[in-house]
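Heads up: the structure comes next, in structure tokens.
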Amino acid sequence: MHTTYWKENVIYQVYLRSFKDSDGDGIGDLNGLLSKIEYLSELGIDTVWLSPVYLSPNVDNGYDIKDYRAIQPEYGTIAEWKQLLDELHKRSIRLIMDLVLNHTSDVHPWFIDAKSSRDSRYRDFYIWRPASEDGGPPNNWTSYLGKSAWTFDESTGEYYLHLYNAKQPDLNWDNPELRAEMYKIMKFWLDKGIDGFRIDAVNSISKDQRFPDTEESKLQASGEPYTKNGPRIHEFLREMNDEVFSKYPIFTAGETSKVTEDDVLMYTKPERRELSMVLSAEASKLADLDEDQWQSKEWTLDDLRKVMLKWQKDVGEPGGWFGLYLSNHDQPRMVATFGDQGQYRNESAKMLAIMLHTLKGTPFILQGEELGMTNHPGLQRIEDFNEQQAHAYYDVMVRERGEPEDLIMERIRRKSRDHARTPMQWDDSPNAGFSDGTPWLPVHPDYPEVNVKAQRDDSGSVFNFYRTLIRLRKEHPVMVYGKFDVLLEDHEQIFAYRRYDEAEEWLILLNFSGEHAHWELPEKDAARLEGASFLLGSDPDGTKPPCHRTGTLKPYEGLVYQRLELPGA
Ligand code: NOJ
């Protein structure tokens, strides 16, 4: 096995709650996932990232953990989880678990004890501060949910910090005993044979201990920059690596937001012994306004290209590594944001898939992305939404600030994370074959057409296109390790680039617009690439003639040309 096998892997995110329900309670579960393992094999993915399945009151759908060592009963038992792990391994599919290090649930026994008395042995596992002089919170930080990041605990007379919900108190990583406990939890799962972790909000675990006010009080500021890439973050990660990760044949993908290229290099260069890769939200959030993530920002292809170039050149070339994604459970569906979820759903889903599989980086697929799943048109009223951030935003904006409900609901309809969480569409039977009961979130109404069963049998489907891309990654090291150069850098519609190694060169042309787009290759590239053969394209009409120096892409079309006979080869 190559020591950097995780660079070659394609990772599939299973949001278990919405994957497959086996017992009719409307909630996906481990046995449901177990019944669909053949599907994962057929798709060809290498690793499953399982979103949190631990015991949790579900304020944030599992990202609020009550017991890190127990499985949530509605998902199944530890025995079923172990069977799942074994069955995945039998098919050479790895399993990584979601590790939530920044906070626990407020009903975690540590926090219950910590707030019982200032003398509790767990008091310092969390972050407590006295009130400021005026009796208010210790500083002006707001949580990601829009109100103060501090909640007052009446019985012990101090505030505790929570970058998310008040029911998700932040852990104090400056305390070595807390760190030791967390390492034991990691080993608990690693000793059962898992293959690594996706680590939640990892670059938030070291806070600036001065707890200064932020300059501007943004709606979801969460103490940034004092809570990101903090003063001891690299020390903590190195310790984590020395104490835990390095002792197992595993890899880690750390969720990081607000990182520069230098930060990513520090997190992921192998000699630094911290993380294998990071997941940065920069590209997936291009359409969100920084001051208020619920508001949309116009994005251009140039914005996207710049982010991608930065990752390719300034992180990838000097030896850093990152996951590639535009979709996860925290974003609306990528086709809605970066493609066209109407007329060109198929084309744009495939075009985006080409990009995510042919750039340097490890591709991450959110379940359903491989079908081209889109945002749910039926999520309309606030009561239709499940996720806590939508409700918190509604409370702050409509109830507290008196903003027009229509305006706020329009933002929530467009941006809610629930779009990414609607049930997986297996077939055209009731509830898309997801559940015999009432699904916890409604099934998308397009399921009679957009489902696994229909797409399996259709050679031009998004599903079969993903299968091809995943297979190609195993056959062509150029997709993983090849060099990268951008072409047509000023083109307003087409993102064009080449990947190359000693064996082959690929030209990738992606039309990010709903119009036809014309290209003309620069002289030096045209000389080399003219005549390159068509390898793959989003157009289901099959094969295309070899590459010319000029050509036209259809709306949202993606094309890949391949040249094998390289000069001097
Ligand atoms: C990031 C997770 O992906 C998201 O779903 C969660 O709400 C926050 N971290 C808090 O854990």
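D418 meets the conditions (1) under 28 Å from L43 (Cα atoms); (2) buried (at least 16 other Cβ atoms within 10 Å of the Cβ); (3) touching a Lys or Arg at 6+ places or on another chain (Cβ under 8 Å) in every case but one. The failed one is (3).
All of (1) within 30 Å of N9 (Cβ to Cβ); (2) assigned by TED's automatic domain parsing to the domain that holds W189 hold for Y144 with one exception: (2).
Each row is one residue, and each column tells you yes or no for (1) of a type in the set (A, V, I, L, M, F, W, C); (2) over 22 Å from E317 (Cα atoms).
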position	(1), (2)
K483	no, no
Y500	no, no
A503	yes, no
L507	yes, no
D525	no, no
A532	yes, yes
L536	yes, yes
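All of S22, S56 fail the test of being within 30 Å of H391 (Cβ to Cβ), buried (at least 18 other Cβ atoms within 10 Å of the Cβ) and free of Cβ contacts under 8 Å to residues at least 40 places away in the same chain, apart from S22. Against the test of being away from the ligand (no atom under 16 Å from the Cβ) and free of Cβ contacts under 8 Å to residues at least 12 places away in the same chain, the options S120, S41 yield a single qualifying residue, S120.
Which of (1) assigned to a loop (DSSP other than H, G, I, E, B); (2) touching a Ser or Thr at 6+ places or on another chain (Cβ under 9 Å) is the odd one out, the single condition I45 does not satisfy? Against the list (1) assigned to a loop (DSSP other than H, G, I, E, B); (2) touching a Ser or Thr at 6+ places or on another chain (Cβ under 9 Å), I45 comes up short only on (2).
The residues of segment 251-274 that are more than 15 Å from the ligand (Cβ to nearest atom), within 26 Å of S143 (Cα to Cα) and part of a loop (DSSP other than H, G, I, E, B) amount to a single one, T260.
Which ones in segment 144-196 are in a loop (DSSP other than H, G, I, E, B), away from the ligand (no atom under 16 Å from the Cβ) and at negative phi?
Here is the first cut: in segment 144-196, the ones in a loop (DSSP other than H, G, I, E, B) are 144-147, 149, 154-157, 162-169, 172-175, 191-195.
Within this subset, residues satisfying the condition of being away from the ligand (no atom under 16 Å from the Cβ) are 154-157, 172, 174-175, 191-195.
Those that are in a loop (DSSP other than H, G, I, E, B), away from the ligand (no atom under 16 Å from the Cβ) and at negative phi: E154, S155, T156, N172, D174, N175, D191, K192, I194, D195.
Specify which of the listed residues (V462, V452) is within 16 Å of E347 (Cα to Cα), at pLDDT 95 or above and buried (at least 18 other Cβ atoms within 10 Å of the Cβ).
Working: V452 fails: within 16 Å of E347 (Cα to Cα).
That would be V462, the only listed residue that is within 16 Å of E347 (Cα to Cα), at pLDDT 95 or above and buried (at least 18 other Cβ atoms within 10 Å of the Cβ).
Listed by position, the helices (runs of 4 or more DSSP H) inside segment 287-376 whose residues that are of a type in the set (D, E) and closer than 25 Å to S538 by Cα number at least 2 are 301-309. Of the conditions (1) outside the structural domain of I11 (by TED's automatic domain parsing); (2) farther than 18 Å from D539 by Cα, Q493 clears all except one; give me its number. If we test Q493 against (1) outside the structural domain of I11 (by TED's automatic domain parsing); (2) farther than 18 Å from D539 by Cα, just (2) comes out false. Here K187 passes the criteria (1) crowded, with 20+ Cβ neighbours inside 10 Å; (2) touching a residue at least 40 places away in the same chain (Cβ under 8 Å) except the one numbered (1).
Residue by residue, here is whether (1) in contact (Cβ under 8 Å) with a residue 60 or more places away in the chain; (2) buried (at least 18 other Cβ atoms within 10 Å of the Cβ); (3) in the same structural domain as A336 (by TED's automatic domain parsing) holds:
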site: Y447; (1), (2), (3): no, yes, yes
site: E475; (1), (2), (3): no, no, no
site: L487; (1), (2), (3): no, yes, no
site: R499; (1), (2), (3): yes, yes, no
site: E505; (1), (2), (3): yes, yes, no
site: L510; (1), (2), (3): yes, yes, no
site: W519; (1), (2), (3): no, yes, no
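When segment 238-250 is filtered for residues that are in a loop (DSSP other than H, G, I, E, B) and more than 16 Å from V100 (Cα to Cα), the ones remaining, listed by number, are Y248, P249, I250.
Based on what the data block shows, is T374 polar (S, T, N, Q), at pLDDT 95 or above and more than 30 Å from P477 (Cβ to Cβ)? Don't jump to the end; show me each part of the working.
On the way: polar (S, T, N, Q): yes; at pLDDT 95 or above: yes; more than 30 Å from P477 (Cβ to Cβ): yes.
Taking the combined requirement at face value, the residue satisfies it.
Filtering L84, L95 for residues that are hydrophobic (A, V, I, L, M, F, W, C), more than 16 Å from the ligand (Cβ to nearest atom) and more than 20 Å from K184 (Cα to Cα) leaves a single hit, L84.
Residues that are of a type in the set (S, T, Y), within 21 Å of the chain's Cα centre (by Cα) and more than 30 Å from G320 (Cβ to Cβ) within segment 1-37 comprise just one, S18.
Within segment 4-15, does at least one residue satisfy the condition of being away from the ligand (no atom under 16 Å from the Cβ), part of a helix (DSSP H, G or I) and among the charged types (D, E, K, R)? Yes, some residue in segment 4-15 is away from the ligand (no atom under 16 Å from the Cβ), part of a helix (DSSP H, G or I) and among the charged types (D, E, K, R). The residue of segment 64-105 that is surrounded by the most Cβ atoms within 10 Å (Cβ to Cβ), among those that are charged (D, E, K, R) and without any contact (Cβ under 8 Å) to a residue 24 or more places away in the chain, is D86.
What about R399, is it at pLDDT 95 or above and crowded, with 18+ Cβ neighbours inside 10 Å? Step through it out loud before you land on a result.
On the way: at pLDDT 95 or above: yes; crowded, with 18+ Cβ neighbours inside 10 Å: no.
It is false that R399 is at pLDDT 95 or above and crowded, with 18+ Cβ neighbours inside 10 Å.
If the condition is being of a type in the set (D, E, K, R) and closer than 18 Å to L366 by Cα, then segment 409-426 contributes K415, R417, D418, R421.
Determine if segment 366-377 includes at least one residue that is away from the ligand (no atom under 16 Å from the Cβ), without any contact (Cβ under 8 Å) to a residue 60 or more places away in the chain and surrounded by fewer than 23 Cβ atoms within 10 Å (Cβ to Cβ). Yes: segment 366-377 contains one or more residues that are away from the ligand (no atom under 16 Å from the Cβ), without any contact (Cβ under 8 Å) to a residue 60 or more places away in the chain and surrounded by fewer than 23 Cβ atoms within 10 Å (Cβ to Cβ). Name the one entry in A353, A349 that is away from the ligand (no atom under 16 Å from the Cβ), within 30 Å of E274 (Cα to Cα), surrounded by 22 or more Cβ atoms within 10 Å (Cβ to Cβ) and among the small types (G, A, S). After ruling out the rest, the residue left standing is A353.
The values are calculated or read from the model by the stated rules, or taken from the named source; none is laboratory data. Source: prediction; values computed, not measured. Every residue, glycine among them, receives a Cβ derived from its backbone with ideal geometry; neighbour counts consider all protein chains shown.
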